[in-house]
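Structure first, commentary second.
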Ligand SMILES: C[S@@+](CC[C@H](N)C(=O)[O-])C[C@H]1O[C@@H](n2cnc3c(N)ncnc32)[C@H](O)[C@@H]1O
């Protein structure tokens, strides 16, 4: 995908102004960026009018566990017509960096970073994304899923990267699919990355 220089300049501001620059740079590691590029490429197919006749464009998007807002910025720069994005993260220190990362859209009222536990946020956006599935327990996930809008398109990512902060990894795409419990599954695939596999499912509750 192509990136726009004005957006990249705000990415640099976000890194420069971060309290922990190394941590912020982790969101630009190859595995992170490749996973988000993969998400956007597949989402483009599922929102195409020929595939999905019920979408109202431009789209609203909620990203749960949105971290520092890199996925939001990549979505704004993609071919997907986006009205607005809310990026929800439990860590309040993500808010300022995510708002800088998406400064152009934040100033236009199209982006908002929200500090909240995703398990308390019932989204009704057209697209609900959760790329932090490995950061919540199955119990938390089940509750989270139960409060999401039944008509929204869900895009979920997890992985098999076994590190302490990942409390619910999946060993295969089949296991991830089971953990996600989508009744209307449209897509399930894995992406081989240098250190781990990323899993993704797209569907509805
Ligand atoms: C390391 S980051 C993102 C990893 C993910 N693979 C990605 O690229 O989007 C995980 C994020 O999930 C957030 N998080 C963990 N538990 C959460 C919860 N209950 N609600 C919202 N955000 C949560 C963390 O604060 C962190 O910013």
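The values are calculated or read from the model by the stated rules, or taken from the named source; none is laboratory data. Note that the structure is predicted; figures quoted are calculated from it, not measured. Here Cβ is always computed from backbone atoms with ideal geometry, including for glycine, and neighbour counts include all displayed protein chains.
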Reported set for segment 139-181 where residues are under 25 Å from residue 61 (Cβ atoms) and part of a helix (DSSP H, G or I) is 140, 141, 142, 143, 144, 145, 146, 173, 176, 177, 179, 180
Would you call residue 134 part of a helix (DSSP H, G or I), within 10 Å of the ligand (Cβ to nearest atom) and touching a strand residue (DSSP E or B) at 6+ places or on another chain (Cβ under 7 Å)? yes
Of the residues in segment 102-114, those that are touching a residue at least 40 places away in the same chain (Cβ under 8 Å), more than 13 Å from the ligand (Cβ to nearest atom) and surrounded by 18 or more Cβ atoms within 10 Å (Cβ to Cβ) come to 102, 103, 111
Check whether at least one residue in segment 36-52 is in contact (Cβ under 8 Å) with a residue 60 or more places away in the chain, under 25 Å from residue 191 (Cβ atoms), more than 19 Å from the chain's Cα centre (by Cα) and away from the ligand (no atom under 13 Å from the Cβ), and report yes or no.
yes
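Here is a yes/no grid of residues against (1) out of contact with any strand residue (DSSP E or B) (no Cβ under 8 Å at 6 or more places or on another chain); (2) more than 13 Å from the ligand (Cβ to nearest atom); (3) farther than 24 Å from residue 42 by Cα; (4) modelled with pLDDT of 95 or more:
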site: 80; (1), (2), (3), (4): no, yes, no, yes
site: 90; (1), (2), (3), (4): no, no, yes, yes
site: 95; (1), (2), (3), (4): no, no, yes, yes
site: 121; (1), (2), (3), (4): no, no, yes, yes
site: 140; (1), (2), (3), (4): yes, no, yes, yes
Counting only residues that are more than 12 Å from the ligand (Cβ to nearest atom) and either within 30 Å of residue 20 (Cα to Cα) or free of Cβ contacts under 8 Å to residues at least 40 places away in the same chain (or both), segment 55-74 contains a total of 4
Among helices (runs of 4 or more DSSP H) entirely within segment 1-49, at least 3 residues that are touching a strand residue (DSSP E or B) at 6+ places or on another chain (Cβ under 7 Å) occur in 30-46
